[in-house]
Amino acid sequence: MTNKRNISFDIAKGIGIILVVFGHVMSPVMEGNKVMESIYHSLYIFHMPLFFLLSGLVSLRLIKQEKSKVELLKDRVIRLMIPYFVWAIIYSIMKIVMKDQVRFQYDYSPWTILVGNNPAGQLWFLYVLFICSVIAIFLVNEKI
């Protein structure tokens with residue numbers, strides 16, 4: 001059995017991860033420094049679109065598999081939405097218990113979580129990636 005994994009995707013994801021970490025590390029110390037602010041804004045224009053591009057390319061490979069649309073959707077729910085909801089529950093509990101230490105208050109209505117407003121705000125990409133995957137699964141009519 002040969003490994004059909006494309007190492008280029010792994011390298012690109014690694015570069016993206018390094019850029020995300022760099023952006024998060026530099027964000028607290030960049031205030032007032034125009035060069036650092038420019039680098040920061042350039043990173044944030046680039047790194048998330050990179051992840052979505054890579055995810056889209058990988059999604060095409062997933063759709064090429066001999067799976068039904070229902071199986072593909074089930075896979076996307078397991079891989080994206082279960083972590084999204086599990087972390088929403090964990091963060092909600094933590095934010096309720098530690099409400100005096102939370103900087104931003106949150107509407108804990110289940111409806112807000114269902115429409116992509118997760119109390120763990122940094123998980124927005126799982127929701128968006130799921131929606132993009134569903135659209136891709138239904139738009140691609142034949143195996144590529």
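Within region 62-70, identify whether any single residue is at pLDDT below 70 and farther than 24 Å from Phe138 by Cα, and answer yes or no. No, region 62-70 has no match at all.
Take the conditions modelled with pLDDT of 75 or more, assigned to a helix (DSSP H, G or I) and outside the structural domain of Leu123 (by TED's automatic domain parsing) and apply them to Asp75. Does it pass? Spelling it out, it is not the case that Asp75 is modelled with pLDDT of 75 or more, assigned to a helix (DSSP H, G or I) and outside the structural domain of Leu123 (by TED's automatic domain parsing). In region 59-81, the residues that are within 15 Å of Cys132 (Cα to Cα) and of a type in the set (S, T, N, Q) reach residues that are at pLDDT below 80 and assigned to a helix (DSSP H, G or I) with C-beta atoms within less than 6 angstrom, at least six apart or across chains, in these pairs: Ser59/Ala136. Number of residues in region 16-58 that are in contact (Cβ under 8 Å) with a residue 24 or more places away in the chain and exposed (fewer than 12 other Cβ atoms within 10 Å of the Cβ): the value is 0.
The values are calculated or read from the model by the stated rules, or taken from the named source; none is laboratory data. No experiment lies behind these values; they were computed from the predicted model shown. When we count neighbours, we look across all protein chains shown, and the Cβ atoms used for this are built from the backbone with ideal geometry, even at glycine.
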